[in-house]
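Every number here is computed from the coordinates shown, using simple stated rules; none is lab data. Predicted model only: the values in this text are computed from it and were never measured. Don't worry about glycine lacking a Cβ; one is built from the backbone with ideal geometry, like all the others, and counts go over all protein chains shown.
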Amino acid sequence: MRTLPAATALAVLFSSAALAVAPVASADTTQPIALSDWADDTVVDGTHQHVFFSDPYGNRVVVADYRGDVVATIAGLTGVRDLELSPDGSTLYAALPDADKIVAIDTEYFTQRAEYPTGENSEPSRLALADGKLYFGWGRDWDSGLGAVDLTAETPTVNLDLAAGHDWSDPPKLYADPDNPGTLLALDDSISSAPIVVYDTTSGTPVIRASAEKGGFYKDAVLTPDGQSVVVAGPGNSALTEYRLSDLEQVRTYPVPSEPQTVSVAPDGTVAATVLDTDDTGDTYVFSGGAAQPPSVRNLSHSWMPFNGHYLSWSHDGAKLFVLSGSGANIEFHALDEPRKYAGTLTMSAPATATRAKPLTVSGKLTSGLALPAGTPLTVTRTDMESPQGKSLGTKTLGTGGKFSFTDTPPAGGKVTYKVSYAGDAQHTAASASRSVEVSRATPALTLDKNRKTYAYGADVKFTAHLGTTYKNRKVEIWADPYGSDRPNKLVKSGTVNSSGNLSVTVDLKRDTKLSVKFAGDARYKARTVTNTVYTKVAIASSISGHYTTRTAWGQKYHYIRKSKDPVLKTTMSYYPDRKQRLQLQFHYDGAWRDWGSEYFPLGTAGKSDVTLTGTPTTNVRLRFRSEYHDTTSGDNVNTTTYGAWKYFIYTS
């Protein structure tokens, strides 16, 4: 068995009923679970509301709660395979074929209680509890058999020779139900001619009651709660098959679209199975109405279901269904809270774009394994800028074939989302879908003055944004983004425009600056941003030291320097890291100023640059210099090209 027996489950259910003070809303959950690969077996403990997964590649058992949150890991279980839970839920038995033993684990403290060596090279791998004995399938290939640990003995004993004359080609898969004693089912899943074998265990020694070859290669099986039948997954056909235990005659089939992989039956007899889903149409099937009614279908994996192991189990009370999907390091745990209900799939279509205040049509379809009748109510909401919390558009109804359609005239532009919801009923889960339409909005007039103007360093400049006609929103933002990565874009003014549509702000300019005005939009006018750039000069101050006098000549102030003196040409410029000033020298000849040379000199951290002129100068020649900042070639681009004032000098004897 892979769930708590029905009688025990009901006892647990009724004993805890007094604690249920309020109903808890249910919801399916899916989340990753830390397994090394597929779980060889899954067992549900209803007493503690835990799910146990054997992880043979991780040599451990992983314990999770009903949401899939891992609560414990029991390590050191070499090659662990099959799991079996005691009827009272207190003990978990685990088969360790690589260690030739079976271990008993306390399900409250997750510690090992006992171990049962089964003999060298016995390799026990399959387990079932029946009539006080822990039966196990052991061995490998044709050297396999049926054994048991007598748990009722004061000192538990092991017997390996219980196959009752049947020659097993591989360790048999075993199934029993403590609520229906006296029966042990065994399957040989390794060859096509293998039979299903029903053992009578009433006497304490298995005796073959019935045996029939049904195709072999059985994937999984489960006994029905009444103890009268077995439901088998496989081999090779697209159906689950139920056989009577008394004579193994076929009772009924549960059709599925591809080969079933694993099967589980709830305490009320509801059959669930997973299939190898090759076309992504559904992998988990629940026959809530029996074999005669179409199953409820879930598409949980969207890619892969494990090939091996038992990875589908009902909760102890049959209210939840637990499923694993995935492979390798990508295993997911699914907990279905309403597994018997038919899952509905709601699809919608709507135009990608539409014109505001013009009608548009939304259509769709609600499909389910159990068709919904025409007239089934659907609720519709519209979410837009005018109704961000959603506005009800009333109730629409399904037409024939599960189709629906309605028209709406969106009053607001922008992203408009329509959501259609079906509340569900006693046989169907809730379903919903939504589609978004981009509804047109007008483009507002938006300007910002003084684009491409140039200003002096440190100038306080007033900028004015203008917003034209809008619907409701009259607020704009003005941002200033100085050049240079060390100065972030900054909001300098936010507010509502005046009656003329204007909002102004004064900005202290010390660098080239991008200014932006932003309008966030409203229900009828789209968002818009306008960006301007203004340019800012650097501050430059130049001087000469080393002169013995100054005089006004040729309309300028000249510095007179003796030729024996090396003058210093001093520059102070607005500082920026790695900035250089360009020093330009000229001389006057034949009625015009002519270039004598130029060179870049770095600025110190204070923005200063002192250049000493050396050598033997020519006397009585008019000279001048100026300091310049050149955008980019001076080492950066945070200011616009700026020329300092000329400074004049003459060498004398």
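Structure notes:
- Dipole of region 540-652, positive direction: furthest Cα of SER627, PHE649, GLY607, with charges on the beta-carbon: PHE649
- Charge dipole magnitude, Cβ of K and R +1, D and E -1 - region 517-615, Cα centre, debye nearest 20: 360 debye
- Summed residue charge, Cβ within 12 Å of LEU300's Cβ, Lys/Arg positive, Asp/Glu negative: -4
- With R₀ fixed at 22 Å, the C-beta to C-beta distance from ARG244 to ASP150 puts the FRET efficiency at about 0.15.
- Residues whose amide H comes within less than 5 Å of that of ARG126, counting only those at least five positions distant or on another chain, are GLY137 (H built at 1.01 Å from N in the peptide plane).
- Value of Rg/Rh across region 456-568 [Cα atoms, Kirkwood radius]: 1.34
- Between the residues LEU491, PHE519, THR533, the greatest Cα displacement towards the positive end of the dipole of region 446-536, with unit charges on the Cβ of Lys, Arg, Asp and Glu, is found for PHE519.
- In nm, spacing of pseudo-spin labels at THR78 and ASN637 (7 Å Cα→C-beta vector): 6.9 nm
- Using alpha-carbon coordinates, inclination of helix 6-15 to the longest axis of the chain, degrees: 60 degrees
- The chain, relative contact order [Cα under 8 Å, separation at least 6], %: 7 percent
- Relative contact order, whole percent, for region 446-536 stands at 39, derived from Cα pairs under 8 Å and 6 or more residues apart.
- Charges were assigned to the Cβ only: +1 to each Lys and Arg, -1 to each Asp and Glu. The resulting dipole of region 446-536 about its Cα centre is roughly 260 debye.
- Listed values [x] 0.97; [y] 1.04; [z] 1.32, entry calculated as Rg/Rh (Cα atoms, Kirkwood Rh): [z]
- The Cα trace of region 520-653 gives Rg and Dmax of 20.5, 82 Å, the first to one decimal, the second as a whole number.
- Of the residues MET573, MET348, the one with the fewest other Cβ atoms within 10 Å heads the list, and the complete ranking is MET348, MET573.
- 10 Å beta-carbon shell around THR383, net charge (K/R +1, D/E -1): +2
- Put simply, region 345-437 fits an ellipsoid with semi-axes of 25, 13, 10 Å; these come from the alpha carbon gyration tensor as the roots of five times its eigenvalues, largest first.
- Separation of the alpha carbons by more than 32 angstrom is noted, of LYS219/LYS341; LYS450/LYS472; LYS537/LYS563; LYS462/LYS526; LYS214/LYS403; LYS450/LYS475, for LYS537/LYS563; LYS214/LYS403.
- Derived scalar couplings between HN and Hα for region 44-58 equal 9, 9, x, 5, 9, 6, 10, 10, 9, 10, 7, 10, x, 6, x Hz in order, rounded to whole Hz, by the Karplus curve 6.51 cos²θ - 1.76 cosθ + 1.60 (θ = phi - 60°), x for Gly and Pro.
- Rounded to the nearest whole Hz, the Karplus-based 3J(HN,Hα) values (6.51 cos²θ - 1.76 cosθ + 1.60, θ = phi - 60°) of region 471-478 follow the sequence 8, 10, 7, 10, 9, 10, 10, 10, with x at glycine and proline.
- Listed by chain and number, the lysines whose alpha-carbon sits under 16 Å from that of LYS557, ignoring those within fewer than 8 places in the same chain, are LYS647.
- When +1 charges are put on Lys and Arg Cβ atoms and -1 charges on Asp and Glu Cβ atoms, the dipole computed for the chain relative to its Cα centre reaches about 8600 debye.
- Over region 375-478, relative contact order from alpha-carbon pairs under 8 Å, at least 6 apart, %: 20 percent
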